[in-house]
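The values are calculated or read from the model by the stated rules, or taken from the named source; none is laboratory data. The model shown is predicted, which means the values in this text are computed figures rather than measured ones. For neighbour counting, all protein chains shown are included, and Cβ atoms are generated from backbone atoms with ideal geometry for every residue, glycine included.
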Amino acid sequence: MQIEKAAEIGFCTGVRRAINMIERATKELGPLQTLGPIVHNQQVVDRLAEHGVTVAESLDQLKRDILCISSHGVGPQIIEEAEARGIKIIDTTCPFVRRSQVAAKRLANSGFSVIVFGDENHREVQGVLGYAGDKGLATIKVPSFKNLSPRVGILSQTTQSFAAFHSFVSSFVQTHLESIAELRVVNTICDATRKHQEAALELARRSDLMLVVGSRGSANTKRLAELCSALVETHHIETAQEIDPKWLSGKVERIGITAGASTPDEVIDEVVSRLREMK
């Protein structure tokens, strides 16, 4: 039985940047709080907690006048409220998410209705919508044109697949072409997401089984599992302890492993070690 990791796997640049920023800040400033988890991975959150980093769900839960913005970013309203309270902000927003925020603000300020292709309940999407004000909406299904202006801008949640985004835009145009006076499409899918997905699919095509490692609350990890499952038997796990020996029975000769952009290297290594033990 062969075990192979995808060519692109684990921490992306944005996640690594966010973790490095908050670790440096705790050394300089002491215990800190993040607004929501810094990334969607419990192992990372637990490790940071050992260094004094805890999670607040609102500004009212802050114990100090310092706030860390997670890599998913927040809307401008939260920034403004924090500044009004005199709270110092350490902003670890991923540069790709920041690009989406800027695009949403520019489109809205130019009179466009802003559609974000993505999960409306995801922190990243909620933050981007904040920059679109009352002109934004998030959806994974083509919306009606009822509350849209003739000028429409479409963005994507950074962790969506390009194929799904392309399909959404195509369907939107086919459905509403007669109502559209102007359409702008901004590809805001991050480069790391694209590379992770391409590498995972390449490995899945020549594997008998794929294991996708990462938090079940991680959008990009769930997307990897969805893509791989269309090609081969795939299981989404958070830790090595979740591996079921039954998955390895039969004609499983090659196991592929990929992981979300917020999955630590040590968690991936534990999965590999566990598979070798079971082998």
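Looking only at the range 152-167, filter to residues that are among the aliphatic types (A, V, I, L, M) and not in a helix (DSSP H, G or I); which one of those is surrounded by the most Cβ atoms within 10 Å (Cβ to Cβ)? Walk me through it before giving the result.
Of all residues in the range 152-167, those among the aliphatic types (A, V, I, L, M) come to 152, 154-155, 163-164.
Of the ones still in play, those that are also not in a helix (DSSP H, G or I) are 152, 154-155.
Values: Val152: 23, Ile154: 22, Leu155: 30.
The qualifying residue surrounded by the most Cβ atoms within 10 Å (Cβ to Cβ) is Leu155.
Kindly indicate whether Ile69 is under 19 Å from the mean Cα position of the chain (by Cα), assigned by TED's automatic domain parsing to the domain that holds Ala25 and under 27 Å from Met21 (Cβ atoms). If you could, list the steps in order and put the result at the bottom.
On the way: under 19 Å from the mean Cα position of the chain (by Cα): yes; assigned by TED's automatic domain parsing to the domain that holds Ala25: yes; under 27 Å from Met21 (Cβ atoms): yes.
The answer is yes for Ile69.
Can you report the number of residues in the range 117-142 which are β-branched (Val, Ile, Thr) and either surrounded by fewer than 19 Cβ atoms within 10 Å (Cβ to Cβ) or modelled with pLDDT under 95 (or both)?
Initially, the range 117-142 is screened for residues β-branched (Val, Ile, Thr), giving 125, 128, 139-140, 142.
Imposing the further condition that a residue be either surrounded by fewer than 19 Cβ atoms within 10 Å (Cβ to Cβ) or modelled with pLDDT under 95 (or both) reduces the set to 139-140, 142.
Residues flagged as β-branched (Val, Ile, Thr) and either surrounded by fewer than 19 Cβ atoms within 10 Å (Cβ to Cβ) or modelled with pLDDT under 95 (or both) within the range 117-142 amount to 3.
When the range 72-90 is examined, which residues are found to be of a type in the set (S, T, N, Q) and over 16 Å from Leu129 (Cα atoms)? Working first, answer last.
Initially, the range 72-90 is screened for residues of a type in the set (S, T, N, Q), giving 77.
Within the range 72-90, no residue meets the criteria.
Among the strands (runs of 3 or more DSSP E) confined wholly to the range 1-102, which include 1 or more residues that are of a type in the set (Gly, Ala, Ser)? Can you show your working first?
Values: elements: 2-5, 32-35, 53-56, 66-69, 88-91.
Answer list for the range 1-102: 53-56.
Go through the range 172-195 and give me each residue that's assigned to a helix (DSSP H, G or I) and out of contact with any Lys or Arg (no Cβ under 9 Å at 6 or more places or on another chain).
Taking the range 172-195 and keeping what is assigned to a helix (DSSP H, G or I), we get 172-179, 191-195.
Of everything in the range 172-195, those that are assigned to a helix (DSSP H, G or I) and out of contact with any Lys or Arg (no Cβ under 9 Å at 6 or more places or on another chain) turn out to be Phe172, Val173, Gln174, Thr175, His176, Leu177, Glu178, Ser179, Asp191, Ala192, Arg194, Lys195.
Just for the range 43-59: of the residues that are in contact (Cβ under 8 Å) with a residue 12 or more places away in the chain and buried (at least 16 other Cβ atoms within 10 Å of the Cβ), which one is nearest to Lys251 (Cα to Cα)? It would help to see each step written out before you state the result.
Of all residues in the range 43-59, those in contact (Cβ under 8 Å) with a residue 12 or more places away in the chain come to 43-44, 47-48, 51-59.
So of that shortlist, the ones also buried (at least 16 other Cβ atoms within 10 Å of the Cβ) come out as 43-44, 48, 53, 55-56.
Details: Gln43: 33, Val44: 35, Leu48: 41, Val53: 45, Val55: 45, Ala56: 47 Å.
The residue in question is Gln43.
Could you tell me which of the residues Val114, Val39 is surrounded by 16 or more Cβ atoms within 10 Å (Cβ to Cβ) and at pLDDT 95 or above? Reasoning before the result, please.
On the way: Val39 fails: at pLDDT 95 or above.
Only one candidate passes the filter, namely Val114.
On the basis of being surrounded by 23 or more Cβ atoms within 10 Å (Cβ to Cβ), in contact (Cβ under 8 Å) with a residue 12 or more places away in the chain and within 29 Å of Ser110 (Cβ to Cβ), does Ala204 make the cut?
Working: surrounded by 23 or more Cβ atoms within 10 Å (Cβ to Cβ): yes; in contact (Cβ under 8 Å) with a residue 12 or more places away in the chain: yes; within 29 Å of Ser110 (Cβ to Cβ): no.
Spelling it out, it is not the case that Ala204 is surrounded by 23 or more Cβ atoms within 10 Å (Cβ to Cβ), in contact (Cβ under 8 Å) with a residue 12 or more places away in the chain and within 29 Å of Ser110 (Cβ to Cβ).
Just to be sure, is Thr175 among the hydroxyl-bearing types (Ser, Thr, Tyr), under 20 Å from the mean Cα position of the chain (by Cα) and at pLDDT 95 or above?
Details: among the hydroxyl-bearing types (Ser, Thr, Tyr): yes; under 20 Å from the mean Cα position of the chain (by Cα): no; at pLDDT 95 or above: yes.
Spelling it out, it is not the case that Thr175 is among the hydroxyl-bearing types (Ser, Thr, Tyr), under 20 Å from the mean Cα position of the chain (by Cα) and at pLDDT 95 or above.
Taking Ile9, is it surrounded by 14 or more Cβ atoms within 10 Å (Cβ to Cβ), within 30 Å of Gly250 (Cβ to Cβ) and in contact with a Ser or Thr (Cβ under 8 Å, 6 or more places away or on another chain)? Walk me through it before giving the result.
Numbers: surrounded by 14 or more Cβ atoms within 10 Å (Cβ to Cβ): yes; within 30 Å of Gly250 (Cβ to Cβ): yes; in contact with a Ser or Thr (Cβ under 8 Å, 6 or more places away or on another chain): yes.
Against the criterion (surrounded by 14 or more Cβ atoms within 10 Å (Cβ to Cβ), within 30 Å of Gly250 (Cβ to Cβ) and in contact with a Ser or Thr (Cβ under 8 Å, 6 or more places away or on another chain)), Ile9 qualifies.
Being touching a His at 6+ places or on another chain (Cβ under 7 Å) and farther than 23 Å from Ala261 by Cβ is the filter here; which residues of the range 134-183 pass it? Spell out the reasoning first.
Quick first cut of the range 134-183, residues touching a His at 6+ places or on another chain (Cβ under 7 Å) only: 145, 157.
Hit for the range 134-183 is Phe145, nothing else.
Filter the range 60-80 for residues that are touching a residue at least 24 places away in the same chain (Cβ under 8 Å) and within 16 Å of Thr92 (Cα to Cα) and give the result.
Restricting attention to the range 60-80, the residues satisfying the condition of being touching a residue at least 24 places away in the same chain (Cβ under 8 Å) are 61-64, 66-78.
If the condition is that a residue be touching a residue at least 24 places away in the same chain (Cβ under 8 Å) and within 16 Å of Thr92 (Cα to Cα), then Ile66, Leu67, Cys68, Ile69, Ser70, Ser71, His72, Gly73, Val74, Gly75, Pro76, Ile78 are the ones that fit.
Taking the range 200-245 on its own, how many of its residues are at pLDDT below 95 and over 30 Å from Gly36 (Cα atoms)?
Residues that pass the stated criteria total 1.
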